[in-house]
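Data block below; observations after.
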Amino acid sequence: MTTPILEVKGLQKLFPVKKGWFQQRSYVHAVNGIDATVYEGETLGIVGESGCGKSTLGRCILRLLQPTQGEIIFQGQEISRLGKKEMNIVRRQMQMVFQNPFDTLNPKLKIGHILTEPLLTHGFPREQRQALLEETIEIVGLNKQHLNRYPHEFSGGQRQRIGIARALMLQPKLIIADEPVSALDVSIQSQILNLLQDLQEQFLLTYIFISHDLSVVEHISDRVAVMYLGEIVEFADKDKLFSRPLHPYSQALLSATPISDPDENRERIILRGDLPSPSNPPQGCKFHPRCHACMEICRTETPRLREVEDRQVACHLI
Ligand code: SF4
């Protein structure tokens, strides 16, 4: 795990908010100056509450959303300003698995047709298309007969397998999985997670795995970035983060996860209030109105993400 496949530098995504004629234009700071490196073959988990900007970050990396500022370097190439044509070539290598595949599978098309579309877009010859189609559907645990069925004929877990097959059709290097198991029953979740892990080993894939569910992130990730209001507040190896979270927000998130060991005593940290609006974030540390360890300096000075011991943390306390 030493070769970077993706580097993100100062990535920012602002969404303008419409106001009245005489009011100043404001912006939702969905992603605010993210720096991160993803290494070949690893799984980087991105975790945080709904609305913290983790999905927007994933979409910006894939250029499904145009970043406002910053650089995205994929396999050594800066792609944040590439035109549509050049970006289409890069997208063969970067694919996405969505939370609810039913929303992204055209109900009027058979699965074979849906899976062939990316191959047609990228000009694969007919014989290669058929071979890839049959091979990929079996790799994800379905069979050739399923290619002649419509999306509504499948269960949630099978539909997610189809979503994964679609992401695999172009033989990508990087897959961004955005809450891929959140809509599934717990028993099906583990099947899909195991499938993703098997595929990673088989095809040397790199994953960015976005989820609000810490137990799922703990299961699948090598390293984890904890996001709060568009920023990374802690970035560490999975084991280090889960055994000893340093940032008060990570501590609060982890204190709410179920414990498998009945002898382990963990105090639950209750977060005060809701996630503040990203269009009007608090001054200083954005987490300070909810932080149990807030100090005077936290209300005025924004802590920067910096190296602390074996990880990166953004907190005045550490
Ligand atoms: Fe809490 Fe202050 Fe650290 Fe922010 S900087 S997380 S308010 S202690």
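The values are calculated or read from the model by the stated rules, or taken from the named source; none is laboratory data. What you see is a predicted model; the values in this text were computed from it and never measured. Heads up, the Cβs are rebuilt from the backbone with ideal geometry, glycines too, and the neighbour counts pull from every protein chain shown. Remember, those area values only see protein heavy atoms, side chains included, never the ligands or the DNA or RNA. Shrake-Rupley method; radii C 1.70, N 1.55, O 1.52, S 1.80 Å.
Taking the stated definitions as given, is V224 over 20 Å from A183 (Cβ atoms), within 16 Å of the ligand (Cβ to nearest atom) and at pLDDT 95 or above? Can you show your working first?
Details: over 20 Å from A183 (Cβ atoms): yes; within 16 Å of the ligand (Cβ to nearest atom): no; at pLDDT 95 or above: yes.
Spelling it out, it is not the case that V224 is over 20 Å from A183 (Cβ atoms), within 16 Å of the ligand (Cβ to nearest atom) and at pLDDT 95 or above.
Could you list, in sequence order, the residues of region 176-189 that are under 21 Å from R91 (Cβ atoms) and buried (at least 24 other Cβ atoms within 10 Å of the Cβ)? Quick ask: steps written out before the conclusion?
Step one: list which residues in region 176-189 are under 21 Å from R91 (Cβ atoms), which gives 176-180.
Within region 176-189, I176, A177, P180 meet the criteria.
Inside region 93-107, can you point out the residues that are farther than 17 Å from I208 by Cβ and either touching a residue at least 24 places away in the same chain (Cβ under 8 Å) or under 16 Å from the mean Cα position of the chain (by Cα) (or both)? Walk me through how you get there before you give the answer.
Initial filter on region 93-107 (farther than 17 Å from I208 by Cβ): 100-107.
Within region 93-107, N100, P101, F102, T104, L105, N106, P107 qualify.
Among residues belonging to region 291-318 that are buried (at least 19 other Cβ atoms within 10 Å of the Cβ) and near the ligand (Cβ under 8 Å from one of its atoms), point out the one that is modelled with the lowest pLDDT.
Going residue by residue through region 291-318, those that are buried (at least 19 other Cβ atoms within 10 Å of the Cβ) are 291, 298, 303, 305, 311-315.
From what's left, near the ligand (Cβ under 8 Å from one of its atoms): 291, 298, 303, 314-315.
Values: C291: 93, C298: 96, P303: 96, A314: 97, C315: 97.
Going through the qualifying residues, I end up with C291.
Just for region 273-290: of the residues that are within 16 Å of P248 (Cα to Cα) and more than 9 Å from the ligand (Cβ to nearest atom), which one is surrounded by the fewest Cβ atoms within 10 Å (Cβ to Cβ)? Give the derivation first.
Step one: list which residues in region 273-290 are within 16 Å of P248 (Cα to Cα), which gives 273-275, 284-290.
From what is left, the residues that are more than 9 Å from the ligand (Cβ to nearest atom) are 273-275.
Numbers: G273: 7, D274: 10, L275: 17.
Among those that are within 16 Å of P248 (Cα to Cα) and more than 9 Å from the ligand (Cβ to nearest atom), it is G273.
When you scan region 239-249, do you find a residue that is farther than 19 Å from T43 by Cβ and in contact with a Cys (Cβ under 6 Å, 6 or more places away or on another chain), even just one?
Yes, some residue in region 239-249 is farther than 19 Å from T43 by Cβ and in contact with a Cys (Cβ under 6 Å, 6 or more places away or on another chain).
Pick out the one residue from L109, L65 that is within 27 Å of Y27 (Cα to Cα), assigned to a loop (DSSP other than H, G, I, E, B) and of a type outside the set (G, A, S).
Details: L109 fails: within 27 Å of Y27 (Cα to Cα).
Answer to the check: L65.
Give all pairs with beta carbons closer than 6 Å in which a residue from region 135-162 that is under 15 Å from L196 (Cβ atoms) meets a residue that is open to solvent by 50 Å² or more (accessible area, probe 1.4 Å) and in a loop (DSSP other than H, G, I, E, B); count only pairs at least 6 apart in sequence or on separate chains.
Partner pairs satisfying both residue conditions: R161/G141.
Tell me, yes or no, whether region 258-270 has at least one residue that is more than 10 Å from the ligand (Cβ to nearest atom), out of contact with any Gly (no Cβ under 9 Å at 6 or more places or on another chain), at pLDDT 80 or above and open to solvent by less than 100 Å² (accessible area, probe 1.4 Å).
So the first thing to find is which residues in region 258-270 are more than 10 Å from the ligand (Cβ to nearest atom), and the list is 258-270.
With the extra rule that they be out of contact with any Gly (no Cβ under 9 Å at 6 or more places or on another chain), the set shrinks to 258-270.
From what's left, at pLDDT 80 or above: 269.
Narrowing further to those that are open to solvent by less than 100 Å² (accessible area, probe 1.4 Å): 269.
The answer is yes, given that some residue of region 258-270 is more than 10 Å from the ligand (Cβ to nearest atom), out of contact with any Gly (no Cβ under 9 Å at 6 or more places or on another chain), at pLDDT 80 or above and open to solvent by less than 100 Å² (accessible area, probe 1.4 Å).
Of the residues that make up region 112-124, is at least one part of a helix (DSSP H, G or I), among the charged types (D, E, K, R) and surrounded by 15 or more Cβ atoms within 10 Å (Cβ to Cβ)? Show your work before the answer.
Our first condition is that a residue be part of a helix (DSSP H, G or I); within region 112-124, this holds for 112-121.
Checking the rest, the ones that are also among the charged types (D, E, K, R) come to 117.
Now narrow it down to the ones that are surrounded by 15 or more Cβ atoms within 10 Å (Cβ to Cβ): none.
No.
Output the residues belonging to region 187-216 that are under 13 Å from the mean Cα position of the chain (by Cα), modelled with pLDDT of 95 or more and among the hydrophobic types (A, V, I, L, M, F, W, C).
I208, F209, I210
Considering only residues of region 82-99 that are crowded, with 17+ Cβ neighbours inside 10 Å and over 21 Å from E7 (Cα atoms), which is modelled with the lowest pLDDT?
It comes out as Q99.
Evaluate the following for G76: is it out of contact with any Lys or Arg (no Cβ under 8 Å at 6 or more places or on another chain), of a type in the set (G, A, S) and on the phi > 0 side of the Ramachandran plot? Working first, answer last.
On the way: out of contact with any Lys or Arg (no Cβ under 8 Å at 6 or more places or on another chain): yes; of a type in the set (G, A, S): yes; on the phi > 0 side of the Ramachandran plot: yes.
So G76 passes the test.
All but one of (1) open to solvent by 60 Å² or more (accessible area, probe 1.4 Å); (2) modelled with pLDDT of 90 or more; (3) within 17 Å of the chain's Cα centre (by Cα) hold for Q171; which doesn't?
Status for Q171: all satisfied but (3).
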